[in-house]
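One structure is given below, encoded as structure tokens.
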Amino acid sequence: MDTDARSLLVMLWRYRRRQPHPDSRLREILAFSWPERLGDYRAILGSLTGLVEEGPEGWSVTEAGVEEAFRQKAIEVSSGFDSTFLRLSRSPTNAVYNQRVYGWDAFSFNTLGPPQRELLLSLSALGDGQRFVDLGCATGAITAWIAASTGAQGVGIDIAASAISRASGEGVTFEVGDLDDLQLPNTFDVAVACDTLYFADDLPSTIGRVWRALKPGGRLVAAWGQNSGDFASSRLAAALPDDAIVTVEDVTPHAHALWRRGRAALDDLREGFAAEGLHDIWASRGGDRDPRSLRRGSGLELPRQSREARRLTGQTTRRTASGPHARRRSTSMASTGSRPSRAMYRRTADQVRR
């Protein structure tokens, strides 16, 4: 399958699942996100025989197409990760950047700073003989660190086969897996997701699979960021089961500190990134943006419990089934589970209210 056909198949699946996609709406999306293919998209769709079909209500992905879309998405992500990893792993400037901003040179698209990592350990409350799964582990730096710090046994899962092939660590195993098709045994005390759950195309389904993989009393510990709103308005809060309890702690100061260190490092290392052919990486991290235009804020979220209200930043709030209604940039660390547990939440302004 060529790149264009793969991209169009994955796009159809992500946007509409098995529901028909009207041709007029498909043209609107292509005009916005892929205008160079607007003129020949029907020919590309025609090449996907047996994977997509056109009916009275529009284009749909067949059962065979769903299976192929999962496979092609994994190839797409793995290829992109492989290219980025190879470039960054050879970069002395990137190693300096990671040390200055995050306090270690662990390859990750969004590594936690020291305070957040310590809070992650506190929230997970893992110990010898327990088991955890790291959802979206990349090359396994966080996975191996948690195992070494707690004595727990870990399993790291990532969709990028190229990342898993480079993952290693004592007391941990790694396997390729898709957040939208998790196949997990019911053997885990804790599930960890550091800034990865928003990559799930069907977050409620993903959370449901994670929930079923947790032992009674298990916890989900997750880093979560969004462009606006607080945790109560987040997609993650809306996706959690009714029987979940979440306790949240504000980590806004840590998020702002990371942001300030990142800005300073990008300013100082601009020439180094450019000399290594990594100007695009420098720019993608905000190096070419006016600092005054950036919205600051970020954090983490997590366990599982009987039906009652969740505690968020010291106040009680029930999850609303209507979904998120974002207002301002926020990020959180939260704990959700079948027993109350502590969690961290980072927000920019809004307090969580009843």
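The values are calculated or read from the model by the stated rules, or taken from the named source; none is laboratory data. These numbers come from a predicted model, not from an experiment. Neighbour counts are summed over all protein chains in view; Cβ atoms, including those assigned to glycine, are modelled from backbone coordinates with ideal geometry.
Farther than 28 Å from A144 by Cβ, surrounded by fewer than 19 Cβ atoms within 10 Å (Cβ to Cβ) and in contact (Cβ under 8 Å) with a residue 12 or more places away in the chain - does that describe any residue in the stretch 185-200? For the stretch 185-200, residues farther than 28 Å from A144 by Cβ, surrounded by fewer than 19 Cβ atoms within 10 Å (Cβ to Cβ) and in contact (Cβ under 8 Å) with a residue 12 or more places away in the chain: absent. Among helices (runs of 4 or more DSSP H) entirely within the stretch 1-72, having at least 2 residues that are over 23 Å from G177 (Cα atoms) singles out 23-33, 41-46.
Among the residues of the stretch 32-47, are any of a type in the set (S, T, N, Q), in contact (Cβ under 8 Å) with a residue 40 or more places away in the chain and surrounded by 17 or more Cβ atoms within 10 Å (Cβ to Cβ)? No, the conditions are met nowhere in the stretch 32-47.
Output the number of residues of the stretch 201-220 satisfying the condition of being in contact with a strand residue (DSSP E or B) (Cβ under 7 Å, 6 or more places away or on another chain) and either surrounded by 23 or more Cβ atoms within 10 Å (Cβ to Cβ) or without any contact (Cβ under 8 Å) to a residue 40 or more places away in the chain (or both). Counting residues in the stretch 201-220 that are in contact with a strand residue (DSSP E or B) (Cβ under 7 Å, 6 or more places away or on another chain) and either surrounded by 23 or more Cβ atoms within 10 Å (Cβ to Cβ) or without any contact (Cβ under 8 Å) to a residue 40 or more places away in the chain (or both) gives 6.
Being assigned by TED's automatic domain parsing to the domain that holds S149, over 14 Å from R131 (Cα atoms) and crowded, with 23+ Cβ neighbours inside 10 Å is the requirement here; does A223 meet it? The answer is yes for A223. So R166 ticks every box in (1) of a type outside the set (G, A, S); (2) under 17 Å from the mean Cα position of the chain (by Cα); (3) assigned to a loop (DSSP other than H, G, I, E, B) but one. Which box is left unticked? Unmet for R166, out of (1) of a type outside the set (G, A, S); (2) under 17 Å from the mean Cα position of the chain (by Cα); (3) assigned to a loop (DSSP other than H, G, I, E, B): (2).
Say we look at the stretch 169-184 and pick out the residues that are hydrophobic (A, V, I, L, M, F, W, C) and in contact with a strand residue (DSSP E or B) (Cβ under 6 Å, 6 or more places away or on another chain); which of these is farthest from A147 (Cα to Cα)? The qualifying residue farthest from A147 (Cα to Cα) is F174. Exactly one residue among T196, T206, T173 is hydroxyl-bearing (S, T, Y), at pLDDT 85 or above and over 18 Å from the mean Cα position of the chain (by Cα), and that residue is T173.
One residue stands out in the stretch 30-55 among those that are among the hydroxyl-bearing types (S, T, Y) and closer than 10 Å to D4 by Cβ: the one that is modelled with the highest pLDDT, namely S47. Of all residues assigned to the stretch 260-280, none qualifies as being surrounded by 15 or more Cβ atoms within 10 Å (Cβ to Cβ), modelled with pLDDT under 90, on the phi < 0 side of the Ramachandran plot and not assigned by TED's automatic domain parsing to the domain that holds A222.
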